[in-house]
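Here the structure is laid out as structure tokens; the discussion comes afterwards.
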4 protein chains.
Amino acid sequence: MASNTFGEVFKITSFGESHGPAIGLVIDGCPSGIDVSEQDFQSALEMRGGGSSPFVTARKEADTPRILSGVFGGKTTGAPIALVFDNGDTKSEHYEPIKDTLRPGHANFTYMEKYGVFDWRGGGRSSARETVCRVAAGVIADKILKAQGIDILSYLKKAEGKGMEESPCITEEGLEPWKKRRAESAVFCPEPLGDALIKQAVKQAVEEGDSIGGVVETIVYPLPPGLGEPVYQKVEARLAFAMLSIPASKGFEIGAGFMAASMRGSRHNDSFILKNDRIETETNNAGGTLGGITTGMPLVFRVAFKPTSSIKKEMKTVTLDARETVMKYPEGSRHDPCVAIRAVAVVEAMTKIVLADLLLMSRSSRI
Amino acid sequence: MASNTFGEVFKITSFGESHGPAIGLVIDGCPSGIDVSEQDFQSALEMRGGGSSPFVTARKEADTPRILSGVFGGKTTGAPIALVFDNGDTKSEHYEPIKDTLRPGHANFTYMEKYGVFDWRGGGRSSARETVCRVAAGVIADKILKAQGIDILSYLKKAEGKGMEESPCITEEGLEPWKKRRAESAVFCPEPLGDALIKQAVKQAVEEGDSIGGVVETIVYPLPPGLGEPVYQKVEARLAFAMLSIPASKGFEIGAGFMAASMRGSRHNDSFILKNDRIETETNNAGGTLGGITTGMPLVFRVAFKPTSSIKKEMKTVTLDARETVMKYPEGSRHDPCVAIRAVAVVEAMTKIVLADLLLMSRSSRI
Amino acid sequence: MASNTFGEVFKITSFGESHGPAIGLVIDGCPSGIDVSEQDFQSALEMRGGGSSPFVTARKEADTPRILSGVFGGKTTGAPIALVFDNGDTKSEHYEPIKDTLRPGHANFTYMEKYGVFDWRGGGRSSARETVCRVAAGVIADKILKAQGIDILSYLKKAEGKGMEESPCITEEGLEPWKKRRAESAVFCPEPLGDALIKQAVKQAVEEGDSIGGVVETIVYPLPPGLGEPVYQKVEARLAFAMLSIPASKGFEIGAGFMAASMRGSRHNDSFILKNDRIETETNNAGGTLGGITTGMPLVFRVAFKPTSSIKKEMKTVTLDARETVMKYPEGSRHDPCVAIRAVAVVEAMTKIVLADLLLMSRSSRI
Amino acid sequence: MASNTFGEVFKITSFGESHGPAIGLVIDGCPSGIDVSEQDFQSALEMRGGGSSPFVTARKEADTPRILSGVFGGKTTGAPIALVFDNGDTKSEHYEPIKDTLRPGHANFTYMEKYGVFDWRGGGRSSARETVCRVAAGVIADKILKAQGIDILSYLKKAEGKGMEESPCITEEGLEPWKKRRAESAVFCPEPLGDALIKQAVKQAVEEGDSIGGVVETIVYPLPPGLGEPVYQKVEARLAFAMLSIPASKGFEIGAGFMAASMRGSRHNDSFILKNDRIETETNNAGGTLGGITTGMPLVFRVAFKPTSSIKKEMKTVTLDARETVMKYPEGSRHDPCVAIRAVAVVEAMTKIVLADLLLMSRSSRI
């Protein structure tokens, strides 16, 4: 059953393994008339790449896409857009010494069970390398949203439980000030105190040869009401679907989320009010949706990421030929201490993909 | 854009409004040769109905499906199965006094924004009445899973933050003992202390004319490895998609979930071990999946539900003609104090639907 | 694999067997704001029913739909529209004497091979009874097209090779005059001579206890350019898909069709010309599309129908327990002498469904 | 609305324009464990390329695919297979002189109407260059079918109305002898007389600067019963959908096809008989399906292709700025005199894609 496609109208199909010749994607259903150049992808891909800070892996990926189709004279034509990234800096030899060993937290075991194939070179198809495709697709999706004035910001809220306590307060300047602050943070946390706490947590984990988890929060604002398709394509359902498809993600919550489960209705209910002659809600515990359709209030949700599975410490495990053993990644292996940092770019991209898709879907809701 | 269909191979399409003549669904892609009778639906539908306890609404729904197609001589034929429930006990007149008022926490506002239509009779298409269809589909899905020995249990873990502290411990008897305990709990909590704490919380909320949220947990075991389709139809992605499509759900987490975001890798990683010559993991922080494919360990996930939006207390809101007002549900209105109780049956049904679908999908993964 | 759904945006899902309690469909993705009442279906359903002429079966079907959902206050709401037809006049007992016999030209054999089930009561799911759903969906689709000024006409062009020689000539009155003429023909042939020839052929077949095939032609005009989605959802590909899904259909051709295969390019090519400052083509061998997208010229295509498989004559066949035998339909069995007559309504309906779907799809082709 | 994907389980997504840097496709849903190498594609691609006979265009395409993903150690892994063909021999300058002119029979006009873009370099996305992707996908699909013993043969039956009168007679050697004969024909007609008549027709058309149409026939045998999904994914419906998506195709018919429309039921009905204890039909007017499901008899269908639109003769047309004019392709332009010749490989490939897809679908029809 085919499963490498995401989206209903704005559809992405990705392909490629971490240690194959290339990785790439096809975007189908993109409207014509959108300006696209290869430079447009740079900043989002750098963000996913982790920049050059000590808080992310030293592994560099050749993250420049080649546009193979769908763009003519600098504009989309309505034809499918194919983007290909050559896999430059792949070092399969790092995996040679452990090629017969199941790596804890990784998917070699389940892929072998499912497909009868054991691709020991990095994660193969299950590698987070695939997320480069999502980030590239997010760049195109963003152009569709921008044309409607929709703005999106993801950021690292917490790592190992430390970081920001409050969500950003949105003024009339929108998300712009927070984007700037995020740009100044090597861990993509837009609040100075949160930034400092997270950096400290990451450093300590690195020193101890360990890794940490984190929470990425996203705000979408402005956002028109009416996006989301009842009853099975609710905006939060599409978002949860997208977010739990990101490697290492373990949870999704919208608005008050799991907190709502501990609340009373009288406190959780968002009262409708009039503000500048527009219907809004006084609070936003719902997180921007009612009945699965956007209300026009800021869309706010969080995604939990587990700590990186690849760590320097020794781990108990089993070999392919069913012997218990202890494994250690070879010297020189390069891993992220906190995947949630680089996941910020991926969450933001998937949000854009989901919303662009719902926006195009909504065009057929009325006669 | 059509959105009332869920599933890729085992597909359900639901229809109907809470106050229309009937509600129903079509199940397409169900294999032939499965025993089905109208009686099979009773226990799951009663569970969704809430039984006859004081912990749920007094509103009774005529939850007996008529099978219109797809079954011949007591067996499925491979043709689509249509099930219809007549809407018996609908009291639109309860909504008359507030027909021009936006009800906080409800979807009338967003449906009106999206479709330009204001159906004031209960929730219309957004009503949780629709979940009766999901529960019915779950009954059929369960038969597909049973044939493979797969067993599923959902239960109310907490309400307003109180309830079970630990997840059920699974012995060699599997989920059976916990099913029995759940059957004895009017709030579907299989642990006596949890049951008592939850009942107390519900009672207090009822007395105060208020409502409370809750968390539903699900365990699937036994479960074969190899279900889940990389990369966008990961088992947790499909589950999150399904769960966030349930009315009032606000969050989803699998395994350690949001806790994982506060953990170190050395603690979170599940070591592979040998047990009875089978590869298992020592712990199960992953919650039964790696790389989006089931490992064969118990699948464990939680869904957060907000407190019921309809409460007896007065609430601030706005009328259709944009005047701020205060609303109160008419005397005699019947609402659940805690939607999470009846949501247990819906979560369990959606889990079955997702897994039956993935099971049928997995048949084409190898030549 | 689910297959009882047709369409991408405007989606129909049908269910029901010829001898079950009811047959019906769900239309999902229909825009809100369209006027619908149960009376709207009458004329199309009567046309499919064959009217009360001697040229069609005497079997009467209770073709009055009940609208179960999706319409509120006489207008579509954007929710799925469920329509149910109770199966009134089913006489399973006619099939009793031949219940162990494979009926030539029918699908009992292949259904048994595929599903392991032998539903001997009429055609079961494979019965042309299912087409009542298509005709009903066509009525809704037509409303979407009408709002854009698109008009459609199907008619019986030939039966047993006799009938109309030329396609209707379209004047500035559009298809209206031909609709009137069709309404006057009991065999739905809008040309007097064709009508007479066809009637004669049908009568003779009836007298001889035999059946005949036929060709249904369709014209769509006016029709805006730009419908059809390259490269796999070309307008002619969608139409061919839809038409070959109709029971008893054996072929599809557009424009010059199979004739084009015998032509030279210099004769087949349609020259572009200017007409009233609009770009048109001088001839229309293409049949209204280029590259799978409508040109704005009339869309013209034909569908071939085989002769009815159920005839009064004796036929050689085989029993379920693999004995060669000779079968004869019981006295009183009621069959159409020429299924192509009643197929006119079905072809017209499927055309409307395809075009409404492509029209809604086209809304996302440009930014 | 995305439309560059074909298939439900075995899904192909193609991308690329005739004059862009590359063209390619992603095959998703291919089972793991299938042997694949780059050499496997050669013979099918050469056949599509037309060999080096004088009966096809002199334009050479660099038809060697690069496998970017989905294959490890010579076998498919279950991950998506990406194949890319660099566009070597593109001569956009041939199109410069006519860049402002609508070319009769081509899709520039409709793409411009739909997308607002005029890509004057060859056909852009609408070019038959795209069919190289279909042929490559057919090679993989064939491996899935081969594993079940299914064999497929397409051939040019007629051009300009001349060629084979009878369909090949299948002996116990199956299609093998006819494959050999096809290999000896530069026009892919497996019967010597037909081959000679077609060659003569092509030569004469070339001499007169003209082009001709043709009919491609396909036989599938052996073929198991049970493929095809009622009611909307009938095997003939899927085939018709696939065939009418091929550039220049104008018609599809199965079994007796349009001839059936002129027949009596008593003659058209295929009697069931016993042959070697297997149920077969005495004749095969149905063409191998009943109720949209394969019977096990040979699947036989035909596709009509129009004459090549690009001819050497002068043609009337219109310019982009709406002036009537006369166009002539520049000296040195290279076009096929009969697209149906090279279409043989494309029809065969699409047949394989459809059947592999239906075969994988059929795995979930029974419990």
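The values are calculated or read from the model by the stated rules, or taken from the named source; none is laboratory data. Quick caveat: nothing in here was measured; it's all calculated off a predicted structure. Methodologically, a virtual Cβ is constructed for each residue, glycine included, from the backbone with ideal geometry; neighbour enumeration extends over all protein chains shown. We work out accessible area using only protein heavy atoms, side chains counted, and drop any ligands, DNA or RNA first. Shrake-Rupley method; radii C 1.70, N 1.55, O 1.52, S 1.80 Å.
Scanning for something closer than 14 Å to C:Thr77 by Cβ, charged (D, E, K, R) and touching a residue at least 24 places away in the same chain (Cβ under 8 Å), does the stretch B:106-123 turn up at least one residue? Yes, the stretch B:106-123 contains a residue that is closer than 14 Å to C:Thr77 by Cβ, charged (D, E, K, R) and touching a residue at least 24 places away in the same chain (Cβ under 8 Å). Residues in the stretch C:16-40 that are within 12 Å of chain D (Cβ to nearest Cβ) and among the aliphatic types (A, V, I, L, M) were compared, and the one that is surrounded by the most Cβ atoms within 10 Å (Cβ to Cβ) is C:Leu25.
One line per residue, one yes/no per condition, for (1) at the interface with chain A (Cβ under 9 Å from one of its Cβ atoms); (2) closer than 24 Å to A:His268 by Cβ:
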position: B:Leu83; (1), (2): no, no
position: B:Gly88; (1), (2): no, no
position: B:Glu93; (1), (2): no, no
position: B:Tyr111; (1), (2): yes, yes
position: B:Gly116; (1), (2): yes, no
position: B:Gly124; (1), (2): no, yes
position: B:Glu130; (1), (2): yes, yes
position: B:Cys133; (1), (2): no, no
position: B:Ala136; (1), (2): no, no
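Scanning the stretch C:136-149 turns up no residue that is under 24 Å from C:Gly24 (Cα atoms), part of a loop (DSSP other than H, G, I, E, B), of a type outside the set (D, E, K, R) and open to solvent by less than 10 Å² (accessible area, probe 1.4 Å).
Any residue in the stretch C:253-262 that is closer than 26 Å to C:Cys189 by Cβ and touching a helix residue (DSSP H, G or I) at 6+ places or on another chain (Cβ under 6 Å)? So far as the stretch C:253-262 goes, yes, one or more of its residues are closer than 26 Å to C:Cys189 by Cβ and touching a helix residue (DSSP H, G or I) at 6+ places or on another chain (Cβ under 6 Å).
Taken over the stretch A:14-27, the criterion of being out of contact with any helix residue (DSSP H, G or I) (no Cβ under 9 Å at 6 or more places or on another chain) and under 14 Å from B:Tyr232 (Cβ atoms) is satisfied by A:Val26 alone.
For the stretch A:95-106, the count of residues that are surrounded by 16 or more Cβ atoms within 10 Å (Cβ to Cβ), within 14 Å of chain B (Cβ to nearest Cβ), assigned to a helix (DSSP H, G or I) and more than 20 Å from the chain's Cα centre (by Cα) is at least one.
Listed by first and then second residue, the pairs linking a residue in the stretch C:202-217 that is farther than 24 Å from C:Glu166 by Cα to a residue that is open to solvent by 10 Å² or more (accessible area, probe 1.4 Å) and aliphatic (A, V, I, L, M), with Cβ atoms under 8 Å apart and 6 or more places separating them unless they lie on different chains, are C:Ser211/C:Val339.
With outside any loop (DSSP other than H, G, I, E, B) and at the interface with another protein chain (Cβ under 7 Å from one of its Cβ atoms) as the only criterion, which of A:Ala237, A:Ala242 stands out? Exactly one residue qualifies, and that residue is A:Ala237. Taking the criterion of being over 25 Å from A:Tyr115 (Cβ atoms) and either at the interface with chain A (Cβ under 7 Å from one of its Cβ atoms) or not hydrophobic (A, V, I, L, M, F, W, C) (or both), the residues of the stretch B:283-309 that qualify are B:Thr283, B:Arg302, B:Ala304, B:Phe305, B:Lys306, B:Pro307, B:Thr308, B:Ser309. Filtering the stretch D:245-280 to residues that are in contact with a Leu (Cβ under 8 Å, 6 or more places away or on another chain) and in a loop (DSSP other than H, G, I, E, B) leaves nothing.
Just one residue in the set B:Thr308, B:Thr283 is out of contact with any Pro (no Cβ under 6 Å at 6 or more places or on another chain), of a type in the set (Val, Ile, Thr), free of Cβ contacts under 8 Å to residues at least 60 places away in the same chain and assigned to a loop (DSSP other than H, G, I, E, B); that residue is B:Thr283.
Evaluate the following for C:Val216: is it farther than 18 Å from C:Ala340 by Cα, crowded, with 24+ Cβ neighbours inside 10 Å and β-branched (Val, Ile, Thr)? So C:Val216 fails the test.
For the stretch D:217-228, the criterion of a residue being at the interface with chain C (Cβ under 8 Å from one of its Cβ atoms) and of a type in the set (D, E, K, R) is satisfied by no position. C:Ala159 passes every criterion in (1) within 30 Å of C:Pro31 (Cβ to Cβ); (2) within 18 Å of the chain's Cα centre (by Cα); (3) within 12 Å of another protein chain (Cβ to nearest Cβ) apart from (1). Among the residues of the stretch C:238-294, the ones that are open to solvent by 10 Å² or more (accessible area, probe 1.4 Å), at pLDDT 95 or above and polar (S, T, N, Q) come to 8 in all.
Within the stretch B:310-322, the set of residues being open to solvent by 30 Å² or more (accessible area, probe 1.4 Å) and more than 8 Å from every other protein chain (Cβ to nearest Cβ) comprises B:Lys312, B:Glu314, B:Leu320, B:Asp321. Taken over the stretch B:4-15, the criterion of being more than 18 Å from the chain's Cα centre (by Cα) and open to solvent by less than 10 Å² (accessible area, probe 1.4 Å) is satisfied by B:Val9 alone. Quick one: is C:Val231 within 14 Å of another protein chain (Cβ to nearest Cβ), in contact (Cβ under 8 Å) with a residue 12 or more places away in the chain and open to solvent by 10 Å² or more (accessible area, probe 1.4 Å)? Spelling it out, it is not the case that C:Val231 is within 14 Å of another protein chain (Cβ to nearest Cβ), in contact (Cβ under 8 Å) with a residue 12 or more places away in the chain and open to solvent by 10 Å² or more (accessible area, probe 1.4 Å). If only residues of the stretch B:325-367 that are part of a helix (DSSP H, G or I) and β-branched (Val, Ile, Thr) are counted, the one that is nearest to B:Val187 (Cα to Cα) is B:Ile341. Taking (1) among the aliphatic types (A, V, I, L, M); (2) out of contact with any Asp or Glu (no Cβ under 7 Å at 6 or more places or on another chain); (3) in contact (Cβ under 8 Å) with a residue 12 or more places away in the chain in turn, C:Ala183 satisfies each apart from (3). Screening the stretch A:1-21 for residues that are modelled with pLDDT of 95 or more and of a type in the set (A, V, I, L, M, F, W, C) and picking the one that is nearest to A:Glu93 (Cα to Cα) gives A:Phe15.
Considering only residues of the stretch B:323-344 that are without any contact (Cβ under 8 Å) to a residue 24 or more places away in the chain and more than 9 Å from chain A (Cβ to nearest Cβ), which is least open to solvent (accessible area, probe 1.4 Å)? Taking the candidates together, the pick is B:Val326.
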